[in-house]
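Below is one structure, written out as structure tokens, with a few remarks after it.
None of the figures in this text is laboratory data; all of them are computed from the coordinates on show. Model, not experiment: these values are computed from the prediction. Every residue, glycine among them, receives a Cβ derived from its backbone with ideal geometry; neighbour counts consider all protein chains shown.
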Amino acid sequence: MKIHEKKTADTLKVELSGSFTFSDNQEFRELLKRINEKPDQKVIFELSRLEFVDSAALGMLLLLRDASETKGIKIELHNPQGQTKKMFDLSNFSALFSIHYDDE
Amino acid sequence: MIQQAYYAFTFDRLDSLYAAFRSGCKQLIEITDSYSPIEQFEPGYFKAQRLVVSSRSAYRFAIAEEVIREIRIQNPFFDDSLTDTMLTALHEAIANAVMHGNLGVQKSFTSEASMADYYKAVQDALAKPALADLPVVLDFWQEGEEMLFFSVTDSGKGFNYQPYHPTQVANASLDADAPNPLQSHGMGIRLLYSLCDVVEFSKDGRCISLGFKILKHPPEADTLSRGLISAEHRKNAHILIVDDLDYSRHIIKTILLSAGFEHIHEAANGKEALSLVEKHPPSLIITDVMMPYVDGLELCDAIRRKPDMVYVPIIVQTALLDIEERIKAFEHGADDLIGQPIHNKELIARVEMHLQRYFSIQQLREYRVRVEDEIELARQMHLSLLPTKEDLAACQEEQQIYVTQFFDPSSELGGDLWGIKPLSPTRLGFFICDFTGHGVGAAINTFRLQAAMPSLEATYHQPDQFLNALNDALYPLLSINQFATFFYGIIDRESGTLIYSAAGSPKPIHYDSTANRWEQVDSSGVPLGVIANNRYELRQIPFLPNDTILVYSDALIECIAQSGSHLTEAEIGALLLQHAGNPPEKMHKDLIRSLLGQLGLLSGNHCPDDLTIALLTRNA
């Protein structure tokens, strides 16, 4: 998976692309650490180019959710597509995350 | 091995002299000479050696250097600071033997004779074959551990030497004009007294023996060792020395023993070595190249063919100058080379470095084997959680439902579990669960689930309540990024329905026999263990005679299929439809076979993740 970060005033935009699996564990945890260092910010995950997530990836996203709950960080997941969207739907992620689509 | 050989060579080609020594010759004779040895060797610490040469050859003096070099090669603990002293003494003794003994030039080189006169006399004598061909015999041997002796024997008339007293020697001055307390000795002999620890004459003065204290006691182990390996490994290491020259083996063995190694094995050739390694599996092998029967390179090949000796370090002794030989050794599986002559510190450094690597690999391998054994045991325990054949047969008998399971645990442990809960003669409960991750953690979670279930038995008849309770039980146990996808359904024959609740498990596929079509079953839901007090929805679909439900773990749709892409639910549904017309036994068997075939798992390949597939078909 590729992680691309872009920072604006109070928002961090993170674009994830490719396959998000267990092997991205280390890199994602480092990202999480960076996010946790700045409470009260908004983090938007752009997922339109994320092609595949496995259950370990869902687990890592749950770590993100925990961070948002404990540190007051606003997390938004944008534009999940294809298999990613299927996995989110299957796991009822809309009950767990704020999920947005550009065309809405 | 050549025990006693005369090796013909000329002094013009010193390399042939080295070759002679290397091939084990004990006696050497120049090709132009025809002298026989005049006496037997003295047995010594290392082999006594003898050179018989002519006056003409000995006069070239290079012979003294060859003798020193040979001693240097044979003595692992040789003190190099003595080299020049011994060389000077040996030159002097050979010069005396040739010039005074064989050639009879009695004038000594003093102030009254010019150097030119002296050398002219020597050259004149050397021009006479009768004198120039007289032999000079050089012997060298060791006595005990500390004394090295040379003797130089000429073929002259001898001389009337006087016994001496050590104080006379000590007082003897090298100044030619000083009074000479040793009347019968020239200045050269006084030089020898000053250089050597022992000077003795025999054979009417024709033979002079020079003794040197050369051998230090072997260095303490801790000065040789770089401490790369533990005392325990040093004690347990078995080192095999393979060399056809026994003195060569002796040198290496002496060094290894002095460095604290205890188990040293010796073989005279590769053939002996190969039978020895069966009895004493070596931790390291040091081998020569040129040997009879099986040579060093063939030995490397044979060792590397033994599966349990692939990692045993092999150090090959080679001539350092021959690059092709060296490359060849590596090509045959040697790990390292060591040049001759062997230097004690270099040998120990290489041996320890390779043993360190060997023992590290061995520890890792042992660790891996132990872990594999434990994982295998855990896998067996994991398998024992699955329904037995009898359990499945009972479903057919009692609830009239034909059940087939396929479970292929990954080489590591995994977090899949599926099971059945016979509730009544008309109701069969079943579940499939997949914990996040692989490995020990995921497997332990399946055991947690198994342990939690009996206390929830009261909820078995209500899938939503069962999932609610299971979530409540797992939520405090699982860390934030751990969860379980879950599906629990009850096939109820009386109502002709499948009632179920789901927590994000892969969508089961329902074969509707009435309409002869397949559909995905909505299994969405927050996985178990993610949020506290989550309430799960109760859902239901019709489930009539001849209907089939297929449940599976995500490996079925995430494992890369033979086509190079993931298998989709649509493809699985299509396959189900394809086999649906057959009786359940055949249909289940063929469908599972097709699915595995699609994934390329039929030829003994395994999916990297656990793969669970279960099929349940209502009897007609």
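Modelled label positions at residue B:146 and residue B:275, each set 7 Å beyond Cα in the direction of Cβ, lie 4.2 nm from each other. Check cross-link reach from residue B:120 to the aspartates and glutamates: straight Cα distance under 12 Å, and skip same-chain residues fewer than eight apart. Counting by Cα, and skipping residues close in sequence, residue B:120 has no aspartates and glutamates nearby.
Our compactness index for segment B:462-620, the C-alpha radius of gyration over the empirical 2.2 N^0.38 Å, is 1.10. For the residues of A:66-74, the average number of beta carbons from a partner chain within 10 Å of their own beta carbon is 1.
Toward the positive end of the charge dipole of segment B:520-620, with +1 on the Cβ of Lys and Arg and -1 on the Cβ of Asp and Glu, the farthest Cα among B:523, B:577, B:542 is that of B:542. Each Cα pair under 8 Å and six or more residues apart adds its sequence gap; the mean of these over the residue count of segment B:355-433 is a relative contact order of 23 percent. Here segment B:321-370 is described by how far its Cα atoms reach on the three principal axes: 45, 26, 7 Å, from widest to narrowest.
Straight-line cross-link partners of residue A:33 among the aspartates and glutamates, defined as a Cα under 18 Å from its Cα and at least 8 positions apart when in the same chain: A:5, A:10, A:15, A:24, A:66, A:69, A:76. When each of B:392, B:577, B:210 is scored by the number of other beta-carbon atoms lying within 10 Å, the sequence from fewest to most is B:577, B:392, B:210. The separation of segment B:118-146 from segment B:476-497, counted between C-alpha centres, amounts to 103 Å. Counting neighbouring Cβ atoms within 10 Å and putting the fewest first, the residues A:93, B:483, B:406 line up as B:406, A:93, B:483. Among the listed pairs A:86/B:389; B:213/B:328; B:421/B:589, those whose Cα-Cα separation exceeds 30 Å are A:86/B:389; B:213/B:328. Among B:590, B:244, B:308, the order by Cβ neighbours within 10 angstrom, fewest to most, reads B:308, B:590, B:244. In this calculation the C-beta distance from residue A:4 to residue B:426 is compared with R0 = 56 Å, giving a FRET efficiency of 0.50. The convex hull of the Cα atoms of segment B:382-479, projected and averaged over all directions, covers 6.5 nm². Rg/Rh for segment B:520-603 (Cα atoms only, Rh after Kirkwood) is 1.04.
Legend: mean number of C-beta atoms from other chains within 10 angstrom of residue C-beta atoms, peptide A:46-59, equals 3. Here segment B:277-372 is assigned +1 on the Cβ of each Lys and Arg and -1 on the Cβ of each Asp and Glu. Its dipole about the Cα centre then comes out at about 440 debye.
For peptide A:83-94, the mean count of partner chain Cβ atoms within 10 Å of a residue's Cβ comes to 5.
For segment B:561-620, dividing the convex hull volume of the Cα atoms by the residue count gives 93 Å³ per residue. Taken one residue at a time, the phi angles of segment A:88-103 give Karplus couplings (6.51, -1.76, 1.60, θ = phi - 60°) of 4, 5, 4, 8, 6, 5, 5, 7, 10, 10, 8, 10, 10, 10, 4, 7 Hz. Gly and Pro are set to x.
Give me the number: length gained by fully extending residue B:346 to residue B:593, i.e. 0.36 nm times residue separation minus the C-alpha to C-alpha distance, one decimal in nm.
My answer for the length gained is 82.7 nm.
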